[in-house]
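**Q** Mind looking over this structure? Questions follow.
The values are calculated or read from the model by the stated rules, or taken from the named source; none is laboratory data. Please read all numbers here as calculations on a predicted model, not as lab measurements. Cβ: placed from backbone, ideal geometry, glycine included. Neighbour counts: every protein chain shown.
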C-alpha cells in the first residue's frame, strides 16, 4: 500500500500509463503474459482504491480467465482459489452485485464447493437471463439431489495440465489417454477450453502417426471454435479440405 501511494503521489503520469495499458489489454484477445500483466496493474489500482469493488471483481475475473487458459492449466487450481478470494472480497464491498455473485457461484461449483454455489445462486437465479438461469437451475437441482460430480471439475482441468507436461516430454500416448478421459467427463462444461483440448489431442495423434484420429479432433476443435487457425493449418498441412 505504501509503495502504491508513493506511485500515486510522486509519479501520477505512470498511473495514467498503467490505466492506458489496462484499456488496451481489454481491447484484444490476450495470452498468458498479458493476463499476468493485467493482474499486476489491477492490484496496484486496488491498493489505491481499496473500497472499489469493480477492481477486486476484475482481478477475480482475470484469475478465472487465467485458470481456463491452456498454458496455465498446470496451476489451474491455484488460480481458481485466487479468483475466489478476490471475488469474495468484492462481494464484501458490494454484497448485491449480480455479476460477482454469479461468477463466484460458478467458481465454487467448479471447485466442488456445491453448498456455497447453491447459496449464492439461489438468491439471483430469477434475475438472470433465460439461458443463464436455465443452466443454473439445472445445477441447483443437481446440488439439491446430491447428483454433483464426485470429482470437482477443476481437477480435470488440472489433469489436462499433466497431459500437457507429458506432451512436452514427448509422451504423446500418455497425454492422449489423459485428455480422452477428460473430454468424456467435461464436455458439458461450457467454461472449459474444449476447443484447445481437442486441438492438443489432435496433435498427440499426429505425433503418434494416427492421422485419421488427428483429423477427427482437429475438426472437432474447429466445430467448437469456428475459425480456429491452428487447427485449420494442421488440416491444411495434412491435405484435408474443409
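**Q** May I ask you to list pairs of residues, at least six apart or on different chains, whose Cβ atoms are under 8 Å apart, with the first in region 166-178 being without any contact (Cβ under 8 Å) to a residue 12 or more places away in the chain and the second being surrounded by 13 or more Cβ atoms within 10 Å (Cβ to Cβ) and in a helix (DSSP H, G or I)?
**A** From residues that are without any contact (Cβ under 8 Å) to a residue 12 or more places away in the chain, the pairs are 174/163; 174/166.
**Q** Moving on to the next point. From (1) under 19 Å from the mean Cα position of the chain (by Cα); (2) under 25 Å from residue 44 (Cα atoms); (3) surrounded by fewer than 19 Cβ atoms within 10 Å (Cβ to Cβ), pick out the condition that doesn't hold for residue 135.
**A** For residue 135, the failing item is (2).
Listed here are the residues, each with its yes/no results for (1) within 13 Å of the chain's Cα centre (by Cα); (2) assigned to a helix (DSSP H, G or I).
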position: 65; (1), (2): yes, yes
position: 78; (1), (2): yes, yes
position: 83; (1), (2): yes, yes
position: 88; (1), (2): no, yes
position: 95; (1), (2): no, no
position: 100; (1), (2): no, yes
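**Q** In region 139-147, is there at least one residue being under 21 Å from the mean Cα position of the chain (by Cα) and assigned by TED's automatic domain parsing to the domain that holds residue 214?
**A** No, that holds for no residue.
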